[in-house]
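The values are calculated or read from the model by the stated rules, or taken from the named source; none is laboratory data. Computed from a prediction, not measured in an experiment: that's the story for all the values here. Neighbour counts are summed over all protein chains in view; Cβ atoms, including those assigned to glycine, are modelled from backbone coordinates with ideal geometry.
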């Protein structure tokens, strides 16, 4: 059974970059294949990983609905479920060390919940073939209220170095309890800390909110550079202080 890591946090915290670096950590440090899941409708995990998206769950769902509406003949006489299973397998983006499944932006009313349900179902199904699954969720808390994030071994809640970011992390933490989600361990990572001496105050504030602070990731020009140039996280040099800090944190989470 796969070890599932999910990421949550408000927009602008660098969550997707940390998701990409977590995938890089698992590939390089654990030497195991990873199923990466971009569960954000505004998908960009593929950019962090340096791969192109050729198909999304949202688009597949629309295509399937069009087949049903038009009464078109299905290839090989397959049922809609069999056809969709086949299409999901074909939509996997394969790369060195990881495969990527992308939700994408569905069209039409009410489609987000349907696409989320599909992501959840196929994440469960596909995870049987991978030792690790990393799920990059959309910003905010909608994915939790829709129960997209479930059966998670480790939840990484990402905050920026602000009280507002920590308050969002607190709300996410409380929502996990309220919804009684099946999450074994959850920690908070404070990202993009400038090093001006305020990190101790942030950690103290976070702990006062009842958060399990795993550590801080310093502001890093290397991260800015690869984002500016559209390069993947695999191009980040080992001298990067952000990479070193995150890898050290993940090393300390012995559950990995």
Would you check which residues across the stretch 30-40 are assigned to a loop (DSSP other than H, G, I, E, B) and crowded, with 20+ Cβ neighbours inside 10 Å and list them?
40
Just wondering, is there one or more residues in the stretch 60-71 that are crowded, with 24+ Cβ neighbours inside 10 Å and modelled with pLDDT under 95?
no
Being closer than 18 Å to residue 127 by Cβ, crowded, with 19+ Cβ neighbours inside 10 Å and either at pLDDT 95 or above or more than 14 Å from the chain's Cα centre (by Cα) (or both) narrows it down to one residue among 18, 27, 57, 4; which is it?
57
Pick from the stretch 155-204 the residues that are in contact with a strand residue (DSSP E or B) (Cβ under 8 Å, 6 or more places away or on another chain) and farther than 26 Å from residue 4 by Cβ: which of them is modelled with the lowest pLDDT?
195
Can we say residue 213 is under 24 Å from residue 50 (Cα atoms), surrounded by 11 or more Cβ atoms within 10 Å (Cβ to Cβ) and in contact with a helix residue (DSSP H, G or I) (Cβ under 8 Å, 6 or more places away or on another chain)?
no
